[in-house]
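The values are calculated or read from the model by the stated rules, or taken from the named source; none is laboratory data. Keep in mind the model is a prediction, meaning the values are calculated, not measured. Glycine also receives a Cβ, built like all others from the backbone with ideal geometry; neighbour counts cover every protein chain displayed. In case anyone asks, the SASA skips ligands and DNA or RNA and just uses the protein heavy atoms, side chains included. Shrake-Rupley method; radii C 1.70, N 1.55, O 1.52, S 1.80 Å.
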Amino acid sequence: MSTPTPVTVTVTGAAGQISYALLFRLAAGGVYGKDTPVRLRLLEVPSQTGAAEGVAMELEDCAFPTLASIDITDDPAVAFDGAGAAVLVGARPRGPGMERADLLTANGAIFRDQGRAINDHAAEDVRVLVVGNPANTNAYIAHRHAPDVPAERFTALMRLDHNRALSQLAARLDAPVGELDRVVVWGNHSATQFPDVSYLTRGGAPVTDGLDRQWLEDDFIPRVARRGSEIIEVRGSSSAASAAGASIVHMRDWVRGTPEGSWATVALPSRGEYGTVPGVVTGLPCRSDGGEWQVVEGLEIDDFQRARIDASVAELVSERDAVHGLGLVD
Ligand code: NAD
Ligand code: LMR
């Protein structure tokens with residue numbers, strides 16, 4: 001029997017809290033499955049490579065059959081060399097009272113430099129997931145510095161918002177979460193996002209009862225959109241294991257396909273789908289055939305949806321303009 005070729009997966013911010021939950025699931029086969037070994041490349045800032053060594057020691061101690069090797073570096077050119085996947089986690093998290101956009105100045109330059117390194121060193125078919133906030137606009141920055149990589153290879157994490165929406169809906173409908181599908185979170189991973197239940201199904205059938213407009217507007221939408229802040233307030237630091245779990249399923253579905261009939265929310269560089277502004281990285285309903293994300297086509301959008309989608313996309317446009325103003329993108 002021939003041994004499958006390992007996939008090189010680069011994870012940035014490897015000594016941080018999200019990576020501490022992410023790396024073990026990645027090494028255990030959570031994205032590529034039990035038959036494909038992964039070669040981990042961990043990128044950290046120089047002061048944290050020692051802590052990343054400690055994480056690598058624990059990974060070794062798990063004796064995962066799917067873990068082929070671990071390399072630690074503070075050099076993006078080395079980290080992204082030959083990468084088939086890159087999960088860009090390394091960035092400063094926000095604290096209480098901050099909005100994610102407040103991190104643009106602190107984190108934007110990281111994604112400019114990493115976009116360039118991905119462009120020059122990663123594998124041709126690299127898949128990039130940006131987790132570090134503000135995730136959508138950081139993905140925009142990285143994509144704009146990687147002109148040789150197709151735009152749709154750059155994604156930002158909105159699967160966490162999608163999962164949060166599903167979980168709130170399951171509680172409201174008293175339904176097992178696994179029976180619910182076809183939510184979508186449009187726009188930005190921010191307080192303006194629009195978690196949308198217009199196409200929700202339970203066990204494959206449309207859900208028509210139990211979700212009145214008042215509950216949606218007053219409870220559901222703000223609860224999901226502000227869940228990151230709620231976690232920071234209650235936990236004292238930003239979400240980590242749930243963000244790692246969402247990153248794993250985002251990459252798994254991208255690589256291995258979404259289940260039959262199922263959707264995921266993926267933030268992708270817009271091609272103008274559903275009236276969004278081309279170029280900005282916005283949440284869209286997507287399916288994967290096991291290789292590529294495809295935006296779900298042909299959904300009807302009513303006036304309520306239109307106003308919410310437009311408001312969040314307008315915020316993405318203003319973040320885009322801000323990074324151009326800061327000189328992070330020409
Ligand atoms: P953390 O502070 O625990 O870890 C961040 C790590 O990144 C640190 O070890 C730091 O040294 C490293 N780092 C900083 N700059 C780097 C660089 N240039 N190259 C490589 N590594 C670098 O933070 P965390 O809790 O793991 O969160 C990381 C990011 O993810 C934050 O920006 C947070 O807001 C964001 N986040 C996003 C989502 C989402 O759904 N998109 C969810 C949760 C958190
Ligand atoms: C989240 O949604 O939990 C993360 O983006 C962290 C944050 O700053 O809200």
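Observations
- Rounded tilt (10° steps) of 17-27 against the dominant C-alpha axis of the chain: 70 degrees
- Remark: relative contact order (the chain) = 17 percent; criterion is Cα-Cα distance under 8 angstrom and separation of 6 or more residues.
- For the chain, with +1 on Lys and Arg beta carbons and -1 on Asp and Glu, the positive-most of TYR32, TRP215, PRO176 along the dipole: PRO176
- The mean accessible area for residues of the range 248-291, using a 1.4 Å probe and ignoring ligands and nucleic acids, is 33 Å² per residue.
- Computed magnitude of the charge dipole of the range 1-119 (debye, nearest 20; Cβ of K, R +1, Cβ of D, E -1): 400 debye
- Charge tally in the Cβ shell below 15 Å around PRO76, where Lys, Arg are +1 and Asp, Glu are -1, PRO76 excluded: -4
- Scattering profile of the chain at q = 0.10, 0.12 Å⁻¹ [log10 I(q)/I(0), Debye over alpha-carbon scatterers]: -0.55, -0.80
- For the range 223-235, backbone phi angles converted through the Karplus equation (6.51, -1.76, 1.60; θ = phi - 60°) give residue-by-residue couplings of 4, 5, 5, 9, 4, x, 5, 4, 4, 4, 5, 7, 8 Hz, Gly and Pro being listed as x.
- Check: the range 129-205 dipole with +1 on Lys, Arg Cβ and -1 on Asp, Glu Cβ, in debye: 80 debye
- When the P(r) of the range 152-227 is calculated, the portion above 22 Å amounts to 19% of the C-alpha pairs.
- Within the chain, percent of DSSP bridges classed antiparallel, to nearest 5: 45 percent
- Crossing angle, helix 303-325 versus the chain [Cα axis fit, 0-90 degrees, rounded to tens]: 40 degrees
- Accessible area per residue, Å², the range 77-148 with all protein chains present, probe 1.4 Å: 36 Å²
- Around the Cα centre of the chain, unit charges on the Cβ atoms of Lys, Arg, Asp and Glu (plus for the first two, minus for the last two) sum to a dipole of about 260 debye.
- Relative to the longest principal axis of the Cα atoms of the chain, the long axis of helix 104-121 makes an angle of roughly 60 degrees.
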